[in-house]
Amino acid sequence: MFDLIIFLVLLSLGYGVGQYAERRHYRSIIEREGRLNALPAIASRYPPIEPHYGQSLVIGSTVVSVDYFKRFLAALRNLFGGRVTSYESLLDRARRESLLRMKQQAADLGAAMVFNVKYETASISKGRGNTIGSIEVLAYGTALIEQRRK
Amino acid sequence: MKYRNPRIPEGINVSDRHPLKELLVLAGGALLLLVLLSWLLGQFGGRLARLLPFEHEAALAPVSLLSSDAGPELQAYLDQLGGRLGSQMAMPEGMEVRLHVSGGDTFNAFATLGGNILLYRGLLEALPHENALAMLLAHEMAHVEHRDPIVGIGQGAAIQLVLGLLVGDPNLAVLGSAGLYTQLHYTREMEREADTEALTAVQGMYGHIAGARDLFDVIHMQRERSGREEMPAIFSSHPLDEQRLEAISALARERGWSETGEATPLPAAFRRWLSEAAARAAEARAMPGLATSPSSRVGRLHRG
Amino acid sequence: MLISNLELIPGRRVVEHLGLVQGSSVRAKHVGRDIMAGLKNIFGGELKGYTELLQESRDEALQRLQRQAEAVGANAILNVRFSTSSIAQGAAEIYVYGTAVILD
């Protein structure tokens with residue numbers, strides 16, 4: 001009986017706080033995407049040859065943690081199969097956040113655009129047993145910085 | 001070459017299913033499935049267990065826990081009472097019931113594998129008259145007759161095994177309670193049937209079931225005294241005391257049995273026998289190397 | 001919608017780059033597939049259940065990629081790359097991304 005109560009408390013905490021944090025994060029992401037809109041991020045490997053650009057590797061990474069509610073929902077999904085919707089938003093946030101951090105770094109360098117953007121996703125700890133799982137998303141690319149003409 | 005960065009609309013890479021609704025559907029479905037599966041497995045495990053011949057059960061009995069603190073007179077008295085009750089019940093061929101008394105003051109009695117029944121002094125002391133004792137004995141003997149100990153083990157094992165395989169994810173440990181709930185359901189069924197059989201035997205022996213209710217009153221009083229609230233019916237392995245009494249009255253009405261009558265008193269020396277058993281038990285505890293009075297669960301644990 | 005993992009399409013010119021578009025899908029296996037996989041661990045052979053699972057997942061990710069590209073008004077997606085990662089026990093994420101462009 002006691003276990004059940006603890007479980008329900010953790011579940012509601014996970015849900016309540018998790019949903020709140022997620023909404024806040026999304027608002028921040030959307031606002032920053034608006035601000036960094038002028039800086040395109042391109043997956044292509046061939047940058048324009050002229051004008052001559054200086055280059056720099058830029059990186060943005062985020063580690064997002066799973067909350068108790070999401071983990072339970074995913075475990076249930078593992079019984080029945082199908083889309084794990086709780087993880088979708090998690091990864092979406094992590095990716096967009098990483099991209100924004102990368103763009104921010106590029107913007108700080110005064111870049112005009114970022115080329116050859118690539119992503120890497122890794123699970124930091126899969127959450128075996130009772131440990132919390134977390135996911136790291138890395139976005140990296142080459143920033144093209146307009147050289148000031150002499 | 002133009003480079004633009006148009007805004008991408010939200011919601012393409014995320015599903016808009018509401019998490020709470022999904023939780024309800026999934027958890028509800030999972031629980032339902034598990035309860036059904038456990039019930040099915042219980043049936044299967046029980047049937048399989050029943051195939052084990054009774055004679056072989058004796059080999060599995062937890063002999064070390066079955067103390068015999070009863071003196072020769074107490075043992076003879078209990079055996080003759082048990083014999084008279086046994087003739088009222090339809091005990092199958094080859095089924096032998098062995099009565100053991102423990103001098104410990106635990107308020108309990110149970111039937112375990114191989115036809116062994118253990119009665120604790122703590123419970124025997126509280127019995128007001130022979131009819132209550134007969135009801136207690138008959139109840140435990142009914143468990144043996146129905147082969148409840150081995151069936152219970154079979155059911156429990158089957159449920160635990162397959163649930164463990166399926167719900168291996170430690171995050172879902174909380175769903176294991178579904179299996180537990182089913183096991184409780186089976187236990188309560190067994191208790192109900194044992195009650196019915198015991199009542200029939202008591203009626204046959206005394207011509208009325210007057211003393212039978214007193215057994216449950218005694219148990220109920222003890223429960224209150226020990227301060228433990230009766231858990232809601234869903235979590236307790238025994239049908240609630242009131243439900244049991246109601247069931248008794250209903251059965252009596254149905255079969256036309258009398259609920260009033262003279263209660264046969266216990267033999268005068270009964271109390272003395274019990275204190276002798278207590279002394280024997282205390283001695284056994286004091287001597288090193290000997291097993292102490294049993295207190296652990298073994299097979300099926302039945303509260304008289 | 002043209003989806004290609006080439007940089008350029010021979011014979012066609014890129015008029016406009018519209019930025020990064022991505023599609024992702026996280027799918028979980030279910031107990032049935034798990035049990036079959038367990039048996040295959042003894043007998044060997046292709047884990048058809050898991051192959052199907054990942055295939056469905058990839059198809060869905062590609063669909064989402066297309067939806068994003070359509071939403072920004074592109075008519076082709078170039079330089080498409082896939083990424084598979086294991087997110088948690090029993091769930092894998094398929095992620096596909098590329099550059100949305102307008103070809104002439």
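The values are calculated or read from the model by the stated rules, or taken from the named source; none is laboratory data. For clarity, every value in this text was computed on a predicted model and none was experimentally measured. Positions of Cβ are generated from backbone atoms using ideal geometry, with glycine treated the same way; all protein chains shown enter the neighbour counts.
Below, the figures for the structure above:
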quantity	calculated
Residue list for region A:77-105, filter: small (Gly, Ala, Ser) and either free of Cβ contacts under 8 Å to residues at least 24 places away in the same chain or away from chain C (no Cβ under 13 Å) (or both)	A:Gly81, A:Gly82, A:Ser86
Count - residues of region B:58-78 that are under 23 Å from the mean Cα position of the chain (by Cα) and under 18 Å from B:Asn131 (Cβ atoms)	1
Complete set of residues in region A:90-124 that are surrounded by 19 or more Cβ atoms within 10 Å (Cβ to Cβ), in a helix (DSSP H, G or I) and among the small types (Gly, Ala, Ser)	A:Ala94, A:Ser98, A:Ala106
Residues that are aliphatic (A, V, I, L, M), more than 12 Å from chain B (Cβ to nearest Cβ) and either more than 17 Å from the chain's Cα centre (by Cα) or crowded, with 16+ Cβ neighbours inside 10 Å (or both), drawn from region A:17-76	A:Val17, A:Ala43, A:Leu57, A:Val58, A:Val64
Filter result for the condition that a residue is crowded, with 18+ Cβ neighbours inside 10 Å and modelled with pLDDT of 80 or more, over B:Thr187, B:Thr196	B:Thr187
Leading residue by the ranking (modelled with the lowest pLDDT) among those in region A:1-16 that are surrounded by fewer than 10 Cβ atoms within 10 Å (Cβ to Cβ) and more than 8 Å from every other protein chain (Cβ to nearest Cβ)	A:Phe2
Any pair with Cβ under 9 angstrom, 6 or more apart, that starts in region C:53-72 at a residue that is hydroxyl-bearing (Ser, Thr, Tyr) and ends at one that is modelled with pLDDT under 95	C:Ser57/A:Arg83; C:Ser57/C:Ser25; C:Ser57/C:Val26; C:Ser57/C:Arg27; C:Ser57/C:Thr84; C:Ser57/C:Ala92; C:Ser57/C:Glu93; C:Ser57/C:Ile94
Matching residues in region A:79-88 - criterion: being buried (at least 23 other Cβ atoms within 10 Å of the Cβ) and in a helix (DSSP H, G or I)	A:Leu79, A:Ser86, A:Tyr87
Number of the condition not met by B:Ile117 [criteria: (1) touching a Leu at 6+ places or on another chain (Cβ under 8 Å); (2) more than 21 Å from B:Glu191 (Cβ to Cβ); (3) without any contact (Cβ under 8 Å) to a residue 40 or more places away in the chain]	(2)
Filtered residue count, region B:243-274, keeping only those that are of a type in the set (Val, Ile, Thr) and assigned to a helix (DSSP H, G or I)	1
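Here's the yes/no breakdown for (1) loosely packed, with under 13 Cβ neighbours inside 10 Å; (2) at pLDDT 85 or above; (3) facing chain A (nearest Cβ under 9 Å):
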site: B:Ser15; (1), (2), (3): no, no, yes
site: B:His18; (1), (2), (3): yes, yes, no
site: B:Leu23; (1), (2), (3): no, yes, yes
site: B:Ala27; (1), (2), (3): no, yes, yes
site: B:Leu32; (1), (2), (3): yes, yes, no
site: B:Val35; (1), (2), (3): no, no, no
site: B:Ser38; (1), (2), (3): no, no, no
site: B:Leu41; (1), (2), (3): no, no, no
